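Undergrad: Before anything else, here's the structure in question.
None of the figures in this text is laboratory data; all of them are computed from the coordinates on show. Here the structure is a predicted model, which means the values were calculated and not measured. Positions of Cβ are generated from backbone atoms using ideal geometry, with glycine treated the same way; all protein chains shown enter the neighbour counts.
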Amino acid sequence: MRSDFGMLVARTIVGGSMAAHGAQKAFGWFEGSGPQKTAGFMKMLGFEDAERMGMAAAYNELISGSLIASGFLGTLGPSVLIVNMIVAMLAVHKDNGFFAADNGVEVPLLYATAALAFAAGGYGDCSLDRLFGIDRFLGKRRWFYIGMAAAVGTAIAVLNQRTSPPQTSEPTQQQNPAEAEPQTAA
């Protein structure tokens, strides 16, 4: 019971934080960027269809976070979150080192690692999966492997849609994505 309570707390914090982060991008809630600024950020990252990619990132974060927080649909939420975190690490954070203070990969790596733990270990007794009796079916090992393979494949497909962002000799506030809008996820 103690581990189930711990899993509930961890899921609520990780999933709720990611859902709120998605709501910042999708709706501008919680002093967030909203859809227009998110699209501009995606454009700076080299995504041609910046509005679509911005909305995809926002709703992936919103939905994956909600699924994780509620403990619903097994590895689906963690897999979707891992897609966004791989893209965030490679498109936004990799050139900045490890630590969050320098806009490095630390925060998206922590989110991805937590998502991996939820996907591998399940959501525990205090979850919608357990309530609806689908946890045994969704807890089968094949769903974990399918989810992780889909996450990596999708992240590669998303990253392959990027063109090189415009380079200038002196980055300005709007030309440097790390400074234009500090975010933990793309």
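Undergrad: Using the charge dipole of the chain (Lys, Arg: +1 at Cβ; Asp, Glu: -1 at Cβ; taken about the Cα centre), state which of GLY153, GLY74, THR113 has its Cα farthest towards the positive end.
TA: Selected residue: GLY74.
Undergrad: OK, next. In whole Å, what is the distance between the alpha-carbon centres of the range 85-133 and the range 55-71?
TA: Cα centroid of the range 85-133 versus Cα centroid of the range 55-71: 12 Å apart.
Undergrad: Please go through the range 1-91 and write out the GluC sites (Glu not before Pro) that DSSP classes as loop and that have at most 13 other C-beta atoms within 10 Å.
TA: For GluC sites (Glu not before Pro) across the range 1-91 that sit outside H, G, I, E and B with at most 13 neighbouring Cβ atoms in 10 Å, the list reads GLU31, GLU48.
Undergrad: Give the relative contact order (percent, whole number) for the chain; include only Cα pairs under 8 Å separated by 6+ residues.
TA: Answer for the chain is 27 percent.
Undergrad: Sequence neighbours fewer than 8 away in the same chain don't count; with that in mind, list the lysines whose C-alpha is under 20 Å from LYS94.
TA: Reachable lysines: LYS43.
Undergrad: Follow-up question, since we're still on this one. Net charge near ALA119, counting Lys/Arg +1 and Asp/Glu -1 over other residues with Cβ under 15 Å of its Cβ?
TA: Here the charged neighbours net out to +2.
Undergrad: Shifting gears a bit: Once phi is turned into θ = phi - 60°, what whole-Hz ³J(HN,Hα) does the Karplus curve with 6.51, -1.76 and 1.60 give for every residue of the range 85-101, x standing for Gly and Pro?
TA: Once rounded to whole Hz, the list reads 6, 4, 4, 4, 4, 7, 8, 10, 9, 4, 7, 9, x, 8, 6, 4, 4.
Undergrad: Just to be sure I understand, if you calculate volume of the Cα convex hull per residue in Å³ for this structure, which of (i) 152; (ii) 166; (iii) 110 do you get?
TA: Read-out taken from this structure: (iii).
Undergrad: Under a cut-off of 21 Å between alpha-carbon atoms, report the lysines in cross-link reach of LYS37, not counting same-chain residues fewer than 8 places apart.
TA: LYS25
Undergrad: Could you work out the local net charge near THR75, counting Lys and Arg as +1, Asp and Glu as -1, over the other residues with Cβ closer than 11 Å to its Cβ?
TA: +2
Undergrad: Gaussian network model of the chain, Cα springs within a sub-10 Å range: biggest mean-square fluctuation belongs to which of GLN24, GLN161, GLN36?
TA: GLN161
Undergrad: Starting from 0.36 nm per residue, how many nanometres of slack lie between SER3 and ALA149 once their C-alpha separation is accounted for?
TA: So the chain would gain 49.8 nm between SER3 and ALA149.
Undergrad: Ok, one more. Under a Cβ-only charge scheme (Lys and Arg +1, Asp and Glu -1), can you give me the dipole magnitude of the range 2-163 about the Cα centre, in debye to the nearest 20?
TA: Using only the charged Cβ atoms, the result is roughly 400 debye.
Undergrad: Please list, by residue number, every one of the chymotrypsin sites (Phe, Trp or Tyr not before Pro) in the range 1-80 that is coil in DSSP and has at most 11 other beta-carbon atoms within 10 Å.
TA: Counting only loop positions with at most 11 other Cβ atoms within 10 Å, the chymotrypsin sites (Phe, Trp or Tyr not before Pro) in the range 1-80 are PHE30.
Undergrad: Let me ask something additional. Suppose only helical runs count, i.e. DSSP H with n ≥ 4. What mean residue ellipticity at 222 nm does that imply for the chain under -39500 (n - 2.57) per run, divided by all residues and rounded to the nearest 500 deg cm²/dmol?
TA: My calculation for the chain gives -20000 deg cm²/dmol from helical runs alone.
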